[in-house]
Structures are given as structure tokens and as C-alpha cells.
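First up is the structure itself, then whatever we jot down about it.
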Amino acid sequence: MTQAVDPIAATRQWVETFVVARNICPFAGREVARDTIRYVILDAGDWEQALLTLVAECERLDETPAIETTLLVLTPGLEAFDDYLDFLEVAEALLADQGYEGTYQLASFHPDYCFADAAPEDPANFTNRSPFPMLHLLREAGLERALSHYPDPEAIPERNIAALRDVGHEALAQALARLRGRD
């Protein structure tokens, strides 16, 4: 059964109950506690408008140091993972064209995220699976500061993969489905 779900509320819950609770990103808990994450929903069916919003969010970050990071929830419009990847490629090129390379970077999340070298059922894919297609706009300076104070940051992906494989695909898929209103 599918229920209507508020994409922002579902994304906040995912950040708190998955990303922070499972320590997928060891830096996210601090930003949740400090309330420095901006959540924005945008219609990705209109790529031009969505890309303009991405640039506007970069400008907002330029002007608002109190916002550490922005999660752009892309719904509707990019439900197909291949379409999402095409949009991501254009978005990354746009950031470079706008002079934001080295200032901001995009982390990518999608309900059907699948790493190129992984099977779709591999629980490792859940490190980048979210309730809705999403771009995470990160300040590079903030990321570099966080990484410089974290012991062995290179081990984070491997630790996450091992932990999620221990949980298993079925449990992770059910939790994500609940967040998406698909029990």
C-alpha cells in the first residue's frame, strides 16, 4: 500500500534514523543537532528550473554561513535512476561552469542507487539510497575541516559497506520503503 508522504519529512527522518543513527556519515549528527541542514524540495520534471534552483542554493550558501549543507529533494521527475544520473552529470557540469568547483560538491542519493560494480541487491548500495532522488550540496571547506579531525576517514566507506551488509538487503529495503510510504 502506498501512502502520501511529505518528501521533506521523509528525508529528515531518513537523515536522523538512517544516516545519523547508523553513523553512515559521522559528521551528520553534529549538523542535525546544530540545525544547519537546509531541506529544499524541487520539481525535477523541469530540468532548467531545477538547475536554476541548484545555482540559487549555491548563492544562498554563499550568503548564509549558518547553513552548512543543503539537501535538494528532487521530486517528481527523476524516478528512473538513469535519468537521475543524466541530471547529476548536467548539475555537476553546471557547478563547474558557475565557478563553484572547489567551493561546493554534490553527493548523490536515489532510492534505486546502484554502484557500477555492485549488484542491485547488494546492501552496500544503501549508503547512497534515500527515500527520494536527492542532491546533497556540501561546502568543501566544511567537509575538509571535518575530515581533518576524523581518524582514518578513508575507512568510512568500507565500514559502512560492512555494516550494511550485516543488516542485509531485506531489512534495509523495508526501512526505506516505510520512509517512502510503501509498507
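The values are calculated or read from the model by the stated rules, or taken from the named source; none is laboratory data. Everything numeric here is computed off the predicted structure, so don't read it as measured data. For neighbour counting, all protein chains shown are included, and Cβ atoms are generated from backbone atoms with ideal geometry for every residue, glycine included. Ligands, DNA and RNA are excluded from the accessible area calculation, which covers all protein heavy atoms including side chains. Shrake-Rupley method; radii C 1.70, N 1.55, O 1.52, S 1.80 Å.
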note = Probe 1.4 Å, all chains present, heavy atoms only: Cys25 accessible area in Å², nearest 10, is 50 Å²
ask   = Suppose every K and R has +1 on its Cβ and every D and E has -1 on its Cβ; what is the size of the dipole of segment 47-103 about the Cα centre, in Debye to the nearest 20?
value = 200 debye
query = Please state the relative contact order of segment 33-139 as a whole percent: Cα pairs under 8 Å, 6+ residues apart?
reply = 32 percent
ask   = Taking a 1.4 Å probe, which of Val90, Val19 shows the most accessible area, and what order do the others take after it?
value = Val90, Val19
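Carbon and sulfur together cover what percent of the accessible area of segment 1-60 at a 1.4 Å probe radius?
Carbon-and-sulfur percentage of accessible area, whole number: 49.
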query = Per residue, how much accessible area does the chain show when a 1.4 Å probe rolls over the protein heavy atoms, in square angstrom?
reply = 52 Å²
inquiry  = If each residue of separation counts as 0.36 nm, what is the full-extension length gain between Ile8 and Arg145 once their alpha-carbon separation is subtracted?
reply    = 46.6 nm
task = Could you tell me the distance between the Cα centroids of segment 13-76 and segment 79-138, to the nearest Å?
result = 13 Å
key: Sequence of His136, His169, His149 from largest to smallest accessible area, 1.4 Å probe   = His149, His169, His136
query = Once you charge only the Cβ atoms, +1 for Lys and Arg and -1 for Asp and Glu, what is the size of the charge dipole of the chain about its Cα centre, to the nearest 20 debye?
reply = 900 debye
remark   = Once normalised by the length of segment 1-85, the mean sequence separation of its alpha carbon contacts under 8 Å that are 6 or more apart gives a contact order in percent of 32 percent
key: Per-pair calculated FRET efficiency, R0 = 30 Å: Thr36 and Asp117 via Cβ, rounded to 0.05   = 0.35
query = Considering only DSSP beta bridges with both partners in the chain, what is the antiparallel share in %, to the nearest 5?
reply = 65 percent
key: Sum of side-chain charges, Gly29 neighbourhood, beta-carbon under 15 Å (Lys, Arg +1; Asp, Glu -1)   = 0
task = Towards the positive end of the charge dipole of the chain, with charges on Cβ (+1 Lys, Arg; -1 Asp, Glu), say which of Val55, Ala118, Ile24 has the farthest Cα.
result = Ile24
request  = Report, to the nearest whole %, how much of the accessible area of segment 100-183 belongs to carbon and sulfur atoms, 1.4 Å probe, protein only.
outcome  = 54 percent
note = Reported to the nearest 10 Å², Thr64 has, with a 1.4 Å probe, an accessible area equal to 50 Å²
remark   = Computed from the beta carbon distance with a Förster radius of 22 Å, FRET efficiency for Arg159 and Ala21 to the nearest 0.05 stands at 0.90
